[in-house]
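The values are calculated or read from the model by the stated rules, or taken from the named source; none is laboratory data. The shown structure was predicted, so the numbers you read here are calculated from the model rather than taken from an experiment. When we count neighbours, we look across all protein chains shown, and the Cβ atoms used for this are built from the backbone with ideal geometry, even at glycine. Areas reflect the complete protein model, heavy atoms only, side chains present, ligands, DNA and RNA absent. Shrake-Rupley method; radii C 1.70, N 1.55, O 1.52, S 1.80 Å.
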Amino acid sequence: MTEIKTNSFTQARQVIAGGVNSPVRAWQAVGGDPLFVSQARGSKIYDVAGREYIDYVLSWGPMILGHAHPEVIDAICCTARRGTSFGAPTEAETQLAQLIGKAIPSMELLRMTSSGTEAAMTAIRLARGYTGRNMIIKFDGCYHGHADSLLVQAGSGVATLGIPGSPGVPECLAELTISLPYNNIDAVHDAVESYGSELAAIIVEPVAGNMGVVEPQNGFLAKLREITAKHGIVLIFDEVITGFRFNFGGYQDLIGIKPDLTCLGKIIGGGLPVGVLGGKKEIMETLAPSGKVYQAGTLSGNPLAVNAGLATLQLLQAKADSYADIDKQAKQLCIALEKLFLTKGIPACINRCHSMFTLFFQAGPVNDFPSAKKSDTNLFARFFQGMIKEGIWLAPSQFEANFISFAHTDADITFTISACAAALKHL
Ligand SMILES: *Cc1c(COP(=O)(O)O)cnc(C)c1O
């Protein structure tokens with residue numbers, strides 16, 4: 001069994017840089033070779049040796065309906081038979097845009113891309129083009145994809161690998177990005193005071209997921225809205241994870257705050273490569289071809305991703321009242337895990353926002369990147385491996401979120417709790 005997976009990774013490393021096509025998949029933070037996957041269905045994922053795991057990664061968020069949902073797969077297959085890309089508009093794109101615009105009213109006009117990275121990158125370019133200013137503010141531990149300007153003090157794989165800024169990002173570009181502590185509105189006030197008239201945008205994960213889950217506190221987002229409105233700075237909510245994760249809409253719709261621009265991805269592609277940028281009509285109209293800020297994509301809005309997304313959102317719309325069910329499962333799981341850790345005497349702090357959560361190996365509280373980094377990552381790595389042995393696939397980094405899907409059953413939750421008890425015995 002171990003031979004097969006070692007073999008897969010060894011072979012991959014001979015032809016793929018680092019053996020993976022996205023860094024966190026290499027399991028560098030938890031040690032050992034990553035498992036190679038053969039298939040997944042519902043809440044379960046299977047490695048090439050045929051072992052079954054309950055999946056809490058869900059492709060890093062997108063698979064909220066569970067893997068290989070029959071109606072989504074049907075939509076993909078039916079679409080594929082009519083051709084996979086035309087480089088010309090289709091009516092399905094309009095339908096998807098209408099559905100998103102109805103669910104997230106601040107997205108008056110939108111533009112589809114093939115990844116969240118492109119959506120965030122375009123949001124920054126658009127904010128710069130619209131305001132005629134160059135500087136931006138982001139927050140430590142937030143991740144907005146891998147565009148140059150956004151890789152300063154970033155979360156996700158960048159945090160996992162401990163890279164403060166990436167080599168290859170020119171200093172003159174990085175200098176235009178101010179990275180501030182999350183949840184620290186005083187730091188924002190100070191920066192706006194110093195650079196106000198040069199600031200094009202503030203971009204934020206309204207609930208951070210890429211330093212582990214960290215919720216906004218003390219009216220952080222409302223205050224950001226106030227400051228940006230006052231100084232003519234474009235406020236960008238990066239809802240690539242949070243969009244349609246907690247409700248049929250954005251986190252912004254739950255809290256009643258309208259950003260100027262919103263980035264979406266992950267869930268809205270139903271497991272296919274996708275991103276969406278949208279927002280105020282006046283700003284969005286500065287995008288080419290109606291305006292002069294350029295953005296394009298050969299496969300943007302391609303029929304496969306659009307129809308997978310459309311099927312996913314239609315199913316989610318029909319289930320809009322059931323989001324409470326997955327919240328409840330997540331809550332039940334987190335309370336049980338917390339109890340197990342307490343009994344065992346291992347400091348643990350679980351941050352949970354609805355159906356997404358992170359178990360930090362420390363007493364907490366965790367409310368920003370420096371506090372997240374206080375976690376015992378060695379202990380986390382051992383726990384992760386222990387859970388894998390028990391058939392539970394958690395996010396392979398302390399600085400990532402875990403997710404529950406509509407396919408997770410109560411039996412999955414119960415099984416996971418016993419698995420955790422077993423894993424803790426060996427910790
Ligand atoms: C995943 C993610 C992105 C990047 O999306 P990709 O599709 O991986 O390019 C951007 N922002 C946030 C908040 C994300 O979680």
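Taking the stretch 270-323 as the range and being open to solvent by less than 10 Å² (accessible area, probe 1.4 Å), closer than 18 Å to Tyr251 by Cβ and not hydroxyl-bearing (Ser, Thr, Tyr) as the test, the residues that pass are Gly275, Val276, Leu277, Gly278, Gly279, Leu313, Leu316.
Give me a count of the residues in the stretch 242-265 that are in contact with a helix residue (DSSP H, G or I) (Cβ under 6 Å, 6 or more places away or on another chain) and open to solvent by 20 Å² or more (accessible area, probe 1.4 Å). Result for the stretch 242-265: 3. Any residue that is in a loop (DSSP other than H, G, I, E, B), of a type in the set (Ser, Thr, Tyr) and assigned by TED's automatic domain parsing to the domain that holds Glu285 - is there at least one of those in the stretch 119-131? No, that holds for no residue. Scan the stretch 387-395 and give yes if some residue there is within 23 Å of Cys142 (Cα to Cα) and touching a residue at least 24 places away in the same chain (Cβ under 8 Å), otherwise no. So far as the stretch 387-395 goes, yes, one or more of its residues are within 23 Å of Cys142 (Cα to Cα) and touching a residue at least 24 places away in the same chain (Cβ under 8 Å).
Cβ separations smaller than 8 Å between residues 6+ apart or across chains give the following pairs from the stretch 107-120 residues that are within 12 Å of the ligand (Cβ to nearest atom) to residues that are open to solvent by 40 Å² or more (accessible area, probe 1.4 Å): Ser114/Pro273; Ser114/Leu299; Ser115/Pro273; Gly116/Lys266; Thr117/His146. When Leu180, Leu150 are screened for being under 23 Å from Asn367 (Cβ atoms), within 16 Å of the ligand (Cβ to nearest atom) and either free of Cβ contacts under 8 Å to residues at least 60 places away in the same chain or open to solvent by less than 30 Å² (accessible area, probe 1.4 Å) (or both), only Leu150 passes. For Tyr46, state whether it is in contact with a strand residue (DSSP E or B) (Cβ under 7 Å, 6 or more places away or on another chain), touching a residue at least 60 places away in the same chain (Cβ under 8 Å) and not assigned by TED's automatic domain parsing to the domain that holds Leu272. No; evaluated as a whole, the condition is false for this residue. A search for C-beta distances below 7 Å between a residue of the stretch 255-269 that is not assigned by TED's automatic domain parsing to the domain that holds Leu224 and any residue that is away from the ligand (no atom under 16 Å from the Cβ), counting only pairs 6+ apart in sequence or on different chains, returns nothing.
Can you find, within the stretch 402-411, the residue that is farthest from His69 (Cα to Cα) among those that are touching a helix residue (DSSP H, G or I) at 6+ places or on another chain (Cβ under 8 Å) and of a type outside the set (Val, Ile, Thr)? Applying the filter and picking the extreme gives Asp410. Every condition in (1) within 14 Å of the ligand (Cβ to nearest atom); (2) assigned to a loop (DSSP other than H, G, I, E, B) is met by Leu264 except one, and the failing one is (2).
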